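Report on the following structure.
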Amino acid sequence: MRRPDGQAKVRGEFSYAGDLHAEGMLHGVTLRSPHPHARLLRIDTAAARALPGVHAVLTAADVPGDLHFGLTLRDEPVLADGVVRYAGEPVAVVAAIDPRTARRAARAIVVEYEPLPAQTDPTLAADAEPLHAEGNVYRHLAYECGDPRARGVVTVENTYRIGMQDPAFLAPEAGMATPTADGGVRLEVATQWLHSDQRQIAWATGLPPEKVQVVLAGVGGAFGGREDVTLHTHACLLALATGRPVKMEYTREESFLAHRQRHPGTIWLRHSADASGRVVSVEGRVVLDGGAYASTSPVVIANTVTLLQGPYRVDNGRFEGWSVRTNNPSCGAMRGFGVPQAAFAHESQMDALAAALDLDPLEIRLRNALRRGDTATFGQRFTQPTPVREVIEGLRAVPLPPAGGKLPGGVGRASSPGSVRRGVGYAVTMKNLAFSEGHVDESTATVSLRDGHATVHCACAEVGQGFVTVAEQVARTVLGADTVTVTQPDTLIASAGSTSASRQTMASGTAVHRACVAVRDRLLARVARERGLDAGLLSIQDGAVTCDGTPLVDVAAATPGHTVRATEHFAHPPTTALGQGDVYVGFAFSAQRAVVDVDVELGLVSVVQIASCQDVGTVVNPTQLLGQIEGGIVQGMGLAVMEEVVVVDGHITNPEFQDYLIPTIVDAPEVVSVYVTDPQPGMPHGWKGVGEPPLCTAVPAVAAAVRDATGLPLPSVPIRPEHIALGIGTPPTVTRTTPRPPATTGGTALSEEPADRPGTWESEGAAGH
Amino acid sequence: MLLAAPRFALPETVGEALSALAERPDAVVVAGGTEVMPDLLWRVRTAAGFVSLRRVGALRGTSRDGDELVVGAGTPVAALVDAEAGALAAAARSLGTPLVRTEATIGGNVVSALPYRNMLPALLALDARLELTSDTGRRTVAFDGFTTAPGVTRLGEGELLTAVRLPTRPCFSDYVKIGRRNAQYVATVSAAVVSRNGAVRLAFGNAGPVPLRSDAVDVVATALLDGRAGPDDLRAAVADAVDPPEDTVASAAYRRHALGVLATRLVVRAQVDAGLGS
């Protein structure tokens, strides 16, 4: 079947949030701080208010409810409160009759700042003067398993750096808030998580949540960047203040300033292995720059730290990480949620180990591959399918592409075949699926069926990933429906959680499936009752109600005019805090091989092909699955070779698409995608999340291929042309060590106290005696 | 609002355009609009008015005048992708996207005068001349030296760039540029070569504040062409001659290095074309 919204999107007829319109609506704009850190001495809005056409000018003093919001810590003011902590922080909002007047009014607001020193170095932030009453450490975590001082014959260590990636969704933030007759407000907005928005808007407006209605408007991509509230609350406050609909729509530059980026990070890793390549111990330390406000920084750091082991069995290790507050742009959720950073580091280390031991890169990965029944460094047992070997073997079976193809540098024609070297790199990763650490992962769906037409109502935000297709496919399959409507998500039904964490097919797909099964059973019971048949013999096949395999009547004609409806809920088994059991709902595994052509002298890269073998549970919709694989790979290669939000002294220097480069179709590699299908227990048809693993794996795979072509260490992504052409980057330190078997075995010991300063454990020496 | 009549002139002849400009000395002259319009949208430029050259048919198209190719300043870049001069064609083909090439004009590229603009090294290597027209007549100046600083040219007040004149004498010419992406990117650096009768002329983009060439570089490039110098000599000469910017896209050191590589590769292509190289 085809995507229900596909044609409208391809034809340009799809209505995105930016297309929202209402009679008499006002336009809202935001005045933002030009300073990364400053005290607000005075705000004078009189001149702005006096302009004709201006209906409201709001500052922190005008927020009727709780000024603070946030996905985890509630440390972020709706409008700046005495201090601004990042360049671009909202200070005031204006509603006026048109955008031009609103912008003019925003410029007329007088703000006196006293600039303060900006803390922009995350490695210094933890010990620096607190930037906020909540302190500068969003979260520190540290734990050990087995004997971290165990050593094999070789030990490699290095420090890896990952740049800040922007979600770069194509439709900038937009929404329209409308006052409702009951004194509440209705917000149509492009978002990922309606109920989270509702809750945070309710805090600020002082309204009970039921008077804040959030409805999904057309979303043009999200990738995590819409998980946090941006203009949502501002639009609602302006609508309530003016009594009129207020539309807000960011420019591209504002979009870069306002939404959350992927955490840039520094990761130090030390791996020790025996002569056969078996990993004996892993030690790792992570610092993620969370920027000015918490967002999901406390959760992201746990992903990065716990998944430093990669999809490999690691019995001995110690792991530590900080996510910290700085005066840089705030970081939060982005596709992969802390794992691409870990994956880049651990896969770089696996290649360094393979090189030190003269082993094939796939062989060393096979020798260390996790198996079902193994225990993670953080104490969770892998009780579900764990097909690490299978994805590696599946990848190995994909033939290499022929020589030739598009040259590095593309349309610039600087390269010629003689100046190019080919490289091949591999990466294997593990991505946790769904919410973690005790956060309830659930969804609810209502399905109704009348005369063969099914209607699905669920709060799952369609952001492009294709939930609308999955929901329709399930309704057609289970109910034999001829036509299906998936209604626009809203907060009139229970929360579906965020469209993130590769979770919506599992959570909302399963809720829809359960609701469809309930509707089917009620329909069959009614048919059985009316016809005096045994309901146990009835089923739905190919759009017909059948009895013991014999078609009785089309579903569309089975109960004329009668509506059958059911609401069902789904929740994954609960997870626990780190160190107390199952931290994660499940995992997906992915292996990729990147083939690149590199013009070494100029540092230009052409990604020729990426072959992927991913553990997907079951193939729900082949086209959409391939879309996730291809999209994730292209976004991952973007992080590997070009995408970087460049922040200098707290200011984003490239907040637009001329200088923040994302891959074009000329840059996109050929993608060959094969799958391992080992059904996920507890899921209909054994399906599992697929959206994030391809990105996580593409980053290290492309980096490995460029290393293979150049022989350079390349410990940072994105790899810049000058890293290659000028050979910038420190290689891993390789030490031949005296083997030291673990003194103890098993067990995970958690510590929430900093063991040491962020950095490396250099003083302890790689020899580890 | 942008098109409010008193501030917006839409002349149909060069004469009308000059009159419109005389009436609105502070107006921005806009042709394809691929620089002016984004600047306005991003509010990095204000304008007291506009003189649009879009309907001035005489500014569009190419013709021959003796041994010169005359390219109307309003000719879209898309019309040059198959130009006889390889450097011109390659620079045109690698500019922006098809949509941008359809609107962007060669004259706009010249008057924009930013050091990374695509066409400039090609015009400099080809030794283009510019036809400048004003109420008092027409003058022709060398493109070499026309740009005096980023975004600043010797175009006089009330003067319009009406044509770019390029020698048609046979030569080998080529153009290359590099960036951090494989299409639709601003040049980190670029370079063009013209090789005619055994003499090489090189020009560089984003190698300094203005499009840049140097006699010293050309002497070494010519020596490299006929085997009297090595690639390292040319790289050293280029490194001495250029003064590239340092910014968040690339370091000056990388740009200097890459310009030397591009120069060498272009001379090798000229060698191959001349049957001199491998």
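What follows draws every value from the coordinates through simple rules; no lab data is involved. Keep in mind that this is a model prediction, so the values were computed, not measured. So basically every Cβ, Gly included, is an ideal-geometry build from the backbone, and we count neighbours across all protein chains shown.
The mean number of Cβ atoms from other chains found within 10 Å of a Cβ in peptide A:542-548 is 0, as a whole number. Distance from the alpha carbon centroid of segment A:348-398 to that of segment B:50-110 works out to 56 angstrom. Segment A:539-609 and segment A:291-331 have their alpha-carbon centroids 28 Å apart. Our note on the geometry: Cα centres of segment B:207-265 and segment A:75-116, 47 Å apart. A helix-only calculation puts chain B at -9000 deg cm²/dmol for mean residue ellipticity at 222 nm, using -39500 (n - 2.57) for each DSSP H run of at least four residues, averaged over all residues.
The modelled label-to-label distance for the pair A:Asp98/B:Ser19, using points 7 Å beyond Cα in the direction of Cβ, is 3.1 nm. Mean partner shielding of peptide A:412-420, defined as the number of other chain Cβ atoms within 10 Å of each residue Cβ, is 6.
Eigenvalues of the alpha-carbon gyration tensor of the protein assembly as shown, scaled by 5 and square-rooted, set the equivalent ellipsoid semi-axes at 50, 39, 30 angstrom, largest first. Remark on segment B:57-167: ratio of C-alpha radius of gyration to 2.2 N^0.38 Å is 0.98. In chain B, the C-alpha radius of gyration followed by the widest Cα-Cα span (Dmax) gives 19.0, 63 angstrom. Peptide A:661-670 is shielded by partner chain Cβ atoms: per residue, an average of 3 of them sit within 10 Å of its Cβ.
Multiplying the residue separation of A:Thr123 and A:Leu750 by 0.36 nm and subtracting their alpha-carbon distance yields 223.5 nm.
Between B:Asp215 and A:Glu112, the simple label model (points 7 Å from Cα in the Cβ direction) yields a spacing of 6.1 nm.
Given a Förster radius of 41 Å and the C-beta distance between A:His569 and A:Glu13 as r, what FRET efficiency does 1/(1 + (r/R0)^6) yield to the nearest 0.05? After rounding to 0.05, the efficiency reads 0.75.
3J(HN,Hα) couplings calculated from phi for segment A:208-220 with the Karplus curve 6.51 cos²θ - 1.76 cosθ + 1.60 (θ = phi - 60°) are, in sequence order, x, x, 5, 8, 10, 9, 10, 10, 6, 9, x, 9, x Hz; Gly and Pro show x. In this entry, segment A:237-285 is assigned a mean projected area of 7.2 nm², taken as a quarter of its C-alpha convex hull surface.
What shape does segment B:211-278 have by the C-alpha gyration tensor, where a ≥ b ≥ c are the square roots of the eigenvalues, rounded means a/c under 1.5, and otherwise prolate means a/b greater than b/c and oblate the rest? Note, shape of segment B:211-278 comes out prolate. R0 = 51 Å: FRET efficiency of A:Asp360 with B:Asp240, Cβ-based, nearest 0.05? About 0.65, to the nearest 0.05. Modelled label positions at A:Thr733 and A:Gln658, each set 7 Å beyond Cα in the direction of Cβ, lie 4.5 nm from each other.
Panel order for A:Met350, A:Met164, A:Met334, B:Met37, by other beta carbons found within 10 Å of each beta carbon, from fewest to most: B:Met37, A:Met164, A:Met350, A:Met334. With neighbour counts taken as other beta-carbon atoms within 10 Å, the residues B:Trp42, A:Trp193 rank, fewest first, as B:Trp42, A:Trp193.
Given their separation in residues at 0.36 nm each and the Cα-Cα distance between them, B:Val272 and B:Arg139 gain 44.1 nm when the chain is fully extended.
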